[in-house]
Amino acid sequence: MFHVTLQFSPPDGPAVHGSWESEDVAARKFRSWIGSHGDHPTARIVLDREGSDGLRQPMTIWTRDAGEVHITTTSMLPTHRKA
């Protein structure tokens with residue numbers, strides 16, 4: 001399962017969440033939310049993968065300041081790409 005969350009700061013600010021079986025569909029939604037909300041100064045958009053243990057692992061994070069950050073699964077260190 002793949003999840004996309006759009007969260008506005010502060011951490012308890014408004015949020016929108018969706019879940020999809022398809023990684024491609026979730027990635028399209030992630031990109032769509034970047035297009036519609038990515039320029040908001042407090043928006044944070046996260047694409048997560050849910051493991052078989054039910055835990056979520058972030059795959060990609062977007063903020064206006066950092067751009068798109070890909071999280072590597074082996075090291076959990078971010079790799080940056082400003083869009």
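The values are calculated or read from the model by the stated rules, or taken from the named source; none is laboratory data. Since the model is a prediction, treat every value here as computed from it, not as a measurement. Using ideal geometry, Cβ is built from the backbone for each residue, glycine included, and neighbour counts are taken over all protein chains shown.
With respect to Val25, determine if the residue is surrounded by 13 or more Cβ atoms within 10 Å (Cβ to Cβ) and either in contact (Cβ under 8 Å) with a residue 40 or more places away in the chain or touching a Pro at 6+ places or on another chain (Cβ under 8 Å) (or both). Taking the combined requirement at face value, the residue does not satisfy it. Number of residues in the range 6-17 that are within 19 Å of Gln57 (Cα to Cα) and either loosely packed, with under 13 Cβ neighbours inside 10 Å or touching a Ser or Thr at 6+ places or on another chain (Cβ under 8 Å) (or both): the value is 4. If you check His3, His40 for being in a loop (DSSP other than H, G, I, E, B) and surrounded by 13 or more Cβ atoms within 10 Å (Cβ to Cβ), only one passes: His40.
Comparison of Asp53, Asp24 shows that the only residue that is out of contact with any Phe, Trp or Tyr (no Cβ under 8 Å at 6 or more places or on another chain) and at pLDDT 95 or above is Asp24. For the range 47-70, state whether one or more residues are surrounded by 15 or more Cβ atoms within 10 Å (Cβ to Cβ), in contact with a helix residue (DSSP H, G or I) (Cβ under 6 Å, 6 or more places away or on another chain) and touching a residue at least 24 places away in the same chain (Cβ under 8 Å). Looking for residues that are surrounded by 15 or more Cβ atoms within 10 Å (Cβ to Cβ), in contact with a helix residue (DSSP H, G or I) (Cβ under 6 Å, 6 or more places away or on another chain) and touching a residue at least 24 places away in the same chain (Cβ under 8 Å), one finds at least one in the range 47-70, hence yes.
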